[in-house]
Amino acid sequence: MSFKIGDTITWTGKIDWELNRFHGDEYSVHRGTSYNSYLIRDEKTVLIDTVWAPFAKEFVENLKKEIDLDEIDYIIANHGEIDHSGALPELMRYIPDKPIYCTKNAVRSIKGHHHEDWNFVEVKTGDTLDIGKNKLVFVEARMLHWPDTMMTYMAGENVLFSNDAFGQHYASELMFNDLVDREELYREAMKYYANILTPFSPLVTKKIQEVIDMNIPINMICPSHGIIWRDNPLQIVETYLKWAADYQENQIVIVYDTMWNGTRKMAEAIAEGIKEADKDVTVKLFNSAKRDKNDILTEIFKSKAFLIGSPTINKGLAHSIGGLLEMMRGLGFKNKKAASFGSYGWSGEGIKLITQALKEAGIATVDDGIRELWNPDDEAKERLKAYGKNFVEAIKA
Ligand code: FEO
């Protein structure tokens, strides 16, 4: 499959309808994804990025139907991660001497993955490549989301090939933002931002400002995953600026795991107290052992505050909570307040461990948390409701 997306640009990627896990098991994919590769036919012919390795042969066969591979003048590798460089070994079997334009760091990552010494041409921000009516301008985008990442801007038709930034794991044959379901598109774009780009938010702001300062017209943004932004493409840039500015909505999330429902009942009583104290706030509860971890992290990303609960198990935490806290440490959410809770029968270290992990993740904790022995009785539930009410006050401070 391939299709034209402009006078000179043809999409030659792969829609992966089956993908359900990405980055190993680090990212859940509910709607498939696409690996977007773009063929530019100007006076020179340019291929931007390839696809993930399992689709390498299919990609090259498809590309051959579109063009004689020898006619490709330049290959641009905006990023070395193998969901985009994975088909290079197959492609380079046919055209081993063609130059691959990429950053210095991408030479390292591509060589590291593929162990080939291809004809790399290192580029940095501001370097250009004349391809005929259009000119390619390279813009390094370190840590968005790897140190090797860059974007390629095509001056003339004014298209930004943004690689992972502005992308989504969202398979659709419709491929354009004005054709797909807007709610689905933004849900996937936010999940992608929350789970992949959050650690780099200050750099997102800086890079976007740098591009704004360049004062370049942008008619279309072509990311390396998912849907292409052609209708008011700057909408996703403006949205990224909001998400990068320590985003929050009027929402409190309560995440817990539970063995015999004690911690679940605690979560529900705390939620009741929160709702009594603040009728406007959205409160959502998630059992982390039963719900998707990346969806939960997206809900935390949207929240102004959250609570994490676990029973004490073997002087530690339930593994789903332990895993979630580790992911939160890596993501480094900002501008959120939190607290811990949990039931216990004997030693009861759970809340202390959660509070400590939250602090290590850079989250402001409002207190040392609340724990209850065994299964909460009516008296305990009243305490927990009061705790929820106090939490609403505490996060205002
Ligand atoms: Fe960072 Fe889509 O790879």
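Some notes on this structure:
- Residue check, Lys284 in a strand (DSSP E or B), of a type in the set (D, E, K, R) and either within 16 Å of Lys336 (Cβ to Cβ) or assigned by TED's automatic domain parsing to the domain that holds Ala339 (or both): yes
- Residue-level analysis places Ala194 outside the set of residues that are open to solvent by less than 10 Å² (accessible area, probe 1.4 Å), among the small types (Gly, Ala, Ser), in a helix (DSSP H, G or I) and within 19 Å of Met175 (Cβ to Cβ).
- Annotation: Glu43 fulfils all but one of (1) in contact with a Lys or Arg (Cβ under 8 Å, 6 or more places away or on another chain); (2) closer than 17 Å to Ser85 by Cβ; the unmet one is (2).
- Residues within segment 206-229 that are modelled with pLDDT of 95 or more and either under 20 Å from Arg31 (Cβ atoms) or among the β-branched types (Val, Ile, Thr) (or both), tallied: 10
- Of the strands (runs of 3 or more DSSP E) lying entirely inside segment 50-131, not one is found with 3 or more residues being more than 23 Å from Ala155 (Cα to Cα), of a type outside the set (S, T, N, Q) and in contact (Cβ under 8 Å) with a residue 60 or more places away in the chain.
- With respect to the conditions (1) free of Cβ contacts under 8 Å to residues at least 60 places away in the same chain; (2) open to solvent by less than 10 Å² (accessible area, probe 1.4 Å), Ile270 falls short on a single one, namely (1).
Yes or no, residue by residue, for (1) open to solvent by 10 Å² or more (accessible area, probe 1.4 Å); (2) of a type in the set (A, V, I, L, M, F, W, C):
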site: Asp42; (1), (2): yes, no
site: Thr45; (1), (2): yes, no
site: Val51; (1), (2): no, yes
site: Phe55; (1), (2): yes, yes
site: Glu58; (1), (2): yes, no
site: Asp68; (1), (2): yes, no
site: His84; (1), (2): no, no
site: Pro89; (1), (2): yes, no
site: Met92; (1), (2): no, yes
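- Residue within segment 27-41 that is among the charged types (D, E, K, R), farther than 15 Å from Ile227 by Cβ, outside any strand (DSSP E or B) and in the same structural domain as Val180 (by TED's automatic domain parsing) present: no
- Residue match in segment 12-32 (condition: open to solvent by less than 50 Å² (accessible area, probe 1.4 Å) and away from the ligand (no atom under 16 Å from the Cβ)): yes
- Flag if Gly112 is surrounded by 14 or more Cβ atoms within 10 Å (Cβ to Cβ), within 16 Å of the ligand (Cβ to nearest atom), closer than 26 Å to Phe22 by Cβ and among the small types (Gly, Ala, Ser): no
- Taking segment 133-180 as the range and being within 12 Å of the ligand (Cβ to nearest atom), assigned to a loop (DSSP other than H, G, I, E, B) and of a type in the set (Ser, Thr, Tyr) as the test, only Thr149 passes.
- Screening Leu203 against (1) within 16 Å of the ligand (Cβ to nearest atom); (2) open to solvent by less than 10 Å² (accessible area, probe 1.4 Å); (3) over 20 Å from Leu136 (Cβ atoms) leaves a single unmet condition, (2).
- Asn215 falls short of the stated requirement of being touching a Leu at 6+ places or on another chain (Cβ under 7 Å) and away from the ligand (no atom under 16 Å from the Cβ).
- Of note, Glu71 does not satisfy the criterion of being among the acidic types (Asp, Glu), within 16 Å of the ligand (Cβ to nearest atom) and assigned by TED's automatic domain parsing to the domain that holds Asp117.
- Of all the listed residues (Val137, Val121, Val180, Val159), the sole one being crowded, with 17+ Cβ neighbours inside 10 Å and farther than 22 Å from Ile208 by Cβ is Val180.
- For Trp346, the conditions (1) under 20 Å from the mean Cα position of the chain (by Cα); (2) surrounded by fewer than 19 Cβ atoms within 10 Å (Cβ to Cβ) all hold with the exception of (1).
- You will find that of Ala397, Ala357, the residue that is among the small types (Gly, Ala, Ser) and open to solvent by less than 80 Å² (accessible area, probe 1.4 Å) is Ala357 and no other.
- Options Leu307, Leu384, Leu353, Leu297; residue that is of a type outside the set (Gly, Ala, Ser), part of a helix (DSSP H, G or I) and out of contact with any Gly (no Cβ under 8 Å at 6 or more places or on another chain): Leu297
- For Glu210: the one exception among (1) open to solvent by 10 Å² or more (accessible area, probe 1.4 Å); (2) within 30 Å of Tyr344 (Cβ to Cβ); (3) outside any loop (DSSP other than H, G, I, E, B): (2)
- Test for His114: is it within 24 Å of Pro202 (Cα to Cα) and touching a Leu at 6+ places or on another chain (Cβ under 8 Å): no
The values are calculated or read from the model by the stated rules, or taken from the named source; none is laboratory data. Computed from a predicted structure; not experimentally measured. No Cβ is skipped: glycine too gets one built from the backbone with ideal geometry, and neighbour counts run over all protein chains shown. Note: accessible area is taken over every heavy atom of the protein model, side chains too, but ligands, DNA and RNA are not part of it. Shrake-Rupley method; radii C 1.70, N 1.55, O 1.52, S 1.80 Å.
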